[in-house]
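Structure first, then comments.
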Amino acid sequence: MCLYMTTLARIIAQQCKQQGSCRFVQLSATCSGVSDIKQVVTQAHNEQRMFKRKTILFIDEIHRFSKLQQDSFLPHIENGTITLIGATTETPSVQLNKALLSRCRVVHLEKLTIENIEIILKRALSTLDVQIIADAVNSTELNADANMPLIYIESEAIQALAGLCDGDARIALNGLEMAVKSCKVQNNLRSDSTSSASGHVTITTEHIKMGLHRTHLLYDRAGDEHYNMISALQKSIRGSDQNAALYWLVRMLESGEDPMYIARRLIDAAAGDVGECLEAHVCLVVCVTMFMQDYQTQWH
């Protein structure tokens, strides 16, 4: 499972409210315990007995519950007292009980595409009173109409922001809002002021990069992304795609991966994936030298 689970929970809650046939309860495993679960189950029993209404229980970050806490759901799921929806950013088969998984269906939510992020950003621009322009238009063209908005944004800047947020709409929206507010502050503009000949501002790609300060790439040194990226690196080497291999290598280093781990995997790739040729032996020597150099830097 991936991002936007809280949004999904709100959609389900709204549907339950409109239909009136289900009761929706939301808890977070970071601040709830067995006592909270028992309270919800008791209320669910009463709702089912008195009003014939089912209860949907949404648990955010369900992987934070211990194995014992997860077991407390089992009898109530089996007898139909509650319908459990659990959200987690971790691997369910690792973090959740097998007994609980056998009674649930795992749905993996993918990241939003760049096109999806662009659609969301364009919808938000109307709320912020920002107009899109194709490129950097000179000030005389912008100032020709006194009724035009104060702030503009280049279409390339929207594309750049959509690519930098790594499929997370919240990061994209926060980055857009930060860029707009910073431009207003720098140019002494107020959101309720009227347009003037000197008041127009254009947000460029540089403003977006300054607002984010870094590319927000999701990474974990012990989870799925750790193994996905090192696998992508080795597959790129195996497929003789040097650009892709360099991309995954730099992305892992920028995300804080241990260089020693990367060096060990590159040695494996040099020995097994490059092939039996002169270049393979040279590559292996370079990888071993890099590994030893990094080892001496860390321990001596």
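The values are calculated or read from the model by the stated rules, or taken from the named source; none is laboratory data. All values derive from a computational prediction rather than experimental measurement. Every residue, glycine among them, receives a Cβ derived from its backbone with ideal geometry; neighbour counts consider all protein chains shown. Quick note on the areas: whole protein, heavy atoms, side chains included, nothing else; ligands and nucleic acids left out. Shrake-Rupley method; radii C 1.70, N 1.55, O 1.52, S 1.80 Å.
State all residues of the range 194-215 that are open to solvent by less than 50 Å² (accessible area, probe 1.4 Å), touching a Gly at 6+ places or on another chain (Cβ under 9 Å) and modelled with pLDDT under 75; if no residue qualifies, say none.
Correct list: 211, 212.
Looking only at the range 123-147, which residues are surrounded by fewer than 15 Cβ atoms within 10 Å (Cβ to Cβ) and modelled with pLDDT of 90 or more?
123
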